[in-house]
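The values are calculated or read from the model by the stated rules, or taken from the named source; none is laboratory data. All values derive from a computational prediction rather than experimental measurement. Protein only, heavy atoms only, side chains kept; ligands, DNA and RNA dropped before computing areas. Shrake-Rupley method; radii C 1.70, N 1.55, O 1.52, S 1.80 Å.
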Amino acid sequence: MSGYSEKSARDYANEVGINLTIKQDYSNNTPEGQIISQNPNAQVEVKKDDNVTVTISKGKEPSYESSSSSSSSSQSNNNKIITQSFEIDYKKRYCS
């Protein structure tokens, strides 16, 4: 069933009378919504009421690295601004 959509897999399962379990996982190679793999594999003959598990692609795994590093950088800059403001206020109040 690799390459089929979830709907196609469900339709097929209903037509031939197999029990279908759907899982999801990220895949950089398979478009979102398409079947990545199945168990048992395609070479195994299945009969009515047999269990088949298919894994559906959730698409490419999101990259959190770039957004968190820019967020950290922004937070770091905000801390520097707060620190500088505090130093200026302190000097004005207590060092003049």
Inset, instruction - Using a 1.4 Å probe and counting only protein heavy atoms, arrange Tyr12, Tyr4 so the residue with the most accessible area comes first. - result: Tyr4, Tyr12
Inset, instruction - Rounded to whole Hz and in sequence order, give me ³J(HN,Hα) for the range 12-25 from the Karplus expression 6.51 cos²θ - 1.76 cosθ + 1.60, θ = phi - 60°, writing x for Gly and Pro. - result: 4, 4, 5, 5, 9, x, 9, 8, 10, 10, 10, 10, 10, 7
Inset, instruction - For Val46, list long-range residues whose amide hydrogen, built 1.01 Å from N in the peptide plane, is under 5 Å from its own amide hydrogen. - result: none
Inset, instruction - Please list the non-local residues whose amide H lies under 5 Å from the amide H of Gln24, H modeled 1.01 Å from N, same-chain partners needing a gap of 5 or more. - result: Ile56
